[in-house]
1. Within region 361-417, which residues are touching a Ser or Thr at 6+ places or on another chain (Cβ under 6 Å), open to solvent by 20 Å² or more (accessible area, probe 1.4 Å) and either small (Gly, Ala, Ser) or under 18 Å from Gly218 (Cβ atoms) (or both)?
2. When you go through (1) open to solvent by 50 Å² or more (accessible area, probe 1.4 Å); (2) closer than 27 Å to Asp202 by Cβ; (3) part of a loop (DSSP other than H, G, I, E, B); (4) out of contact with any Lys or Arg (no Cβ under 9 Å at 6 or more places or on another chain) one by one for Leu440, which number turns out not to apply?
3. When region 143-168 is examined, which residues are found to be touching a strand residue (DSSP E or B) at 6+ places or on another chain (Cβ under 9 Å), not polar (S, T, N, Q) and not in a loop (DSSP other than H, G, I, E, B)?
4. Looking only at region 217-226, how many residues end up being farther than 30 Å from Pro179 by Cα and open to solvent by 20 Å² or more (accessible area, probe 1.4 Å)?
5. Hey, can you tell me all the residues within region 199-216 that are open to solvent by 50 Å² or more (accessible area, probe 1.4 Å) and outside any helix (DSSP H, G or I)?
6. Quick one: which residue in Ala448, Ala402, Ala416 is touching a residue at least 60 places away in the same chain (Cβ under 8 Å), assigned to a helix (DSSP H, G or I) and over 30 Å from Leu475 (Cα atoms)?
7. Take the residues in region 235-248 that are closer than 20 Å to Tyr320 by Cα and in a loop (DSSP other than H, G, I, E, B), then tell me which one is most open to solvent (accessible area, probe 1.4 Å).
8. Which number in (1) under 24 Å from Arg456 (Cα atoms); (2) open to solvent by less than 30 Å² (accessible area, probe 1.4 Å) marks the one condition that Ala628 misses?
Amino acid sequence: MPVPVFILIFSHFIGHVSILNIVTFGKASVTWGPPKLYHPNRDVSTSLDMTHSNGHSELKRGISPAADKPRCRRNRIHTRVTEAILTLKTQLEYLAAEAYSPSHANKTGMAGAGNHLNGRRKEMKKVLIPTKLENEARKILEANGHYLVIQDDKTDILTLAGQHADTYALIVRSEKVTPALMNALPHLKVIVRAGTGFDTIDIKHARKKGIDVMNTPGANSNAVAEEVVALMLADARHIIAGDVTTREGKWEKKKLMGRELTGKTIGIVGLGNIGQLVAKRLSGFNVKLLGYDPLISQERADAMAVELVELPELFAQADYITLHIPENEENRGMINLLLISRMKEGATLINCARAGILDEAALRQVKATKKIRFLNDVYPKDAEGPKSVVDIADIMLPHLGASTVEANTNAARRAAEELIELDEKGITSFIVNRDVPEGLDEAYGKLAFTITKLCRHLLGPTAKLASLETSFYGLLKPFSDWLMIPVVTALGDRIDQPLDNKSARQFLKEMGIEVANRATDPNKHFENSLTIDLVGTLDSGSLRRISVRGTVVEGVLMIARINDFDRLYFEPKGPTVFFIYADRPGVLGQIGSALAAADINIEDVRNPHHLKVNQSLVIMRINKPVPAPVMDKISRKIRALSAFCYDFG
């Protein structure tokens, strides 16, 4: 149906030319009535016709009878008429763009009409926001002029998908983005999670369908940190119970004797962005801060006044323990019976991270006897219905960590800005499911992860990382930025994979870890190899350096060197034990006998010697992991300088 008619009357200069154009904007066509123009050098009349339906403009010319007019007069008329036409055309383009902008479309009911002028199409990409999100995202996208935004948090998400199958981008909060939802949106190219975690999105299915998944890390961090403090205070001072009973007309002042935070010991598990903010927010309470994070440097921890300790010690000493680690295969159920059993009587456990990191059964077993307080804000599924922790949680909230106006606005703004930057500038910094770069064998990504993981184990579990150095040889040099992603991911079991080189380096900076990519010497002929060097601070204060080099041979990962033990060429595969000891006869036999006694078979072995320092290295691939007591027994027997078992998978 045609929409408002614009009548433009252009009376030109001395009255020789008058143009009356009636232009109708509709979904089907835009026509520009053809005023006659006189060509200055030929007797040619020109008519203009712009047609909306095909998106092209055509200039139609026809020969007119000769006009017996002076050339100069024709030139003046042509110049003035041409200027008038160009001015009119500019005005029409502006009006058309205004009429078909998202904001105007929403007001006039013309959403999705599009804009075709002068042969150019202004593409409108549909963005579906099926969640309760601040209007900041909508405002930014609509102001950009290239997006048509549909925001609806009332309608079922699959129903919305059916109504808007032409959706280009999806912005969600905690909604599940399943394969079924993605399949219902055949034109979907981008999913933005307005928040940090993206475990509610099937990123593997998204990758198969060519859909980029992005998140907005850090947008909610302060809100979560403040929630932790709010929960601690609310529980310590019985705020909830006090409010409820007083409203009932009771006066239970004697029952509600509380505790102060001042002077207490707070344990923070995970010192990433949120964990560091928690430390900062609590610093004014005059508390003692303990922290556990395998990545953060001693210098960074000192700057925050956080004492770094191992997990068992943290659980044994802290009055309050707050969890700030992601849920992944490495740490699911990490807060287990062994750790919870070490908690002080009457201590408080706070989980505003992820439900899966806590063994609920273990907490249930210990809670009553130790009178542990449990404050919870996370669940396996964000939805109505019974909650499995209802019998053990002292305070339960419906995942309110990020539910502040400020956090919601930050996340909304970041989601919109990231989408625009991806479309207009190709910035991929926040994509979490991008494939291996073209031209790079994905085996080298696995190699980078494996070498770094091995390096970290050799450095020792208690060593605090101080610096990371990388060397990329041969054809790997152009991919050094991308290879930093698996390198940083491998440094600890308690972190999410960074998104790109920029975020990886930013993470290392936040952890206080120095990083350097060394220039490589082509004369060494380490073709397509990479070397990882880690330096860590030991409990004694001394530094330890570990260096590992590896490559890929016919698709098989190979470890070529560990420190000065060169030409190893062993495949990192399956359960493997490592022992470094003072070189002397008979040690290899002692290790073999102890493994045999534990019914463990040796499948491959390397035993190089370093004559300068009189040390030997044993690497044995075995048929099953070695139990910790067996490893301890062997280590003591051979007086190992370093010993561990690692399953490469």
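The values are calculated or read from the model by the stated rules, or taken from the named source; none is laboratory data. Just so it is clear, the structure is predicted and the values come from calculations on it, not from any experiment. All Cβ positions, glycine included, derive from the backbone under ideal geometry; neighbour counts span all protein chains shown. Surface accessibility is based on the protein's heavy atoms, side chains included, excluding ligands, DNA and RNA. Shrake-Rupley method; radii C 1.70, N 1.55, O 1.52, S 1.80 Å.
1. Start the filter on region 361-417 by keeping residues that are touching a Ser or Thr at 6+ places or on another chain (Cβ under 6 Å), which leaves 366, 373, 382, 411, 414-415.
From what is left, the residues that are open to solvent by 20 Å² or more (accessible area, probe 1.4 Å) are 373, 382, 414.
Answer for region 361-417, where residues must be touching a Ser or Thr at 6+ places or on another chain (Cβ under 6 Å), open to solvent by 20 Å² or more (accessible area, probe 1.4 Å) and either small (Gly, Ala, Ser) or under 18 Å from Gly218 (Cβ atoms) (or both): just Arg414.
2. Of (1) open to solvent by 50 Å² or more (accessible area, probe 1.4 Å); (2) closer than 27 Å to Asp202 by Cβ; (3) part of a loop (DSSP other than H, G, I, E, B); (4) out of contact with any Lys or Arg (no Cβ under 9 Å at 6 or more places or on another chain), only one is false for Leu440: (1).
3. Once the filter is applied, which keeps residues that are touching a strand residue (DSSP E or B) at 6+ places or on another chain (Cβ under 9 Å), not polar (S, T, N, Q) and not in a loop (DSSP other than H, G, I, E, B), region 143-168 yields Tyr147, Leu148, Val149, Ile150, Ile157, Leu160, Ala161.
4. Narrowing region 217-226 to residues farther than 30 Å from Pro179 by Cα: 222-223, 225-226.
Retained after the next criterion (residues that are open to solvent by 20 Å² or more (accessible area, probe 1.4 Å)): 222, 226.
So the count comes out to 2.
5. Asp199, Asp202, Lys209
6. Values: Ala448 fails: over 30 Å from Leu475 (Cα atoms); Ala402 fails: assigned to a helix (DSSP H, G or I).
Result of the check over Ala448, Ala402, Ala416: Ala416.
7. Once the filter is applied, the top-ranked residue is Arg237.
8. Here Ala628 meets the rest and fails (2).
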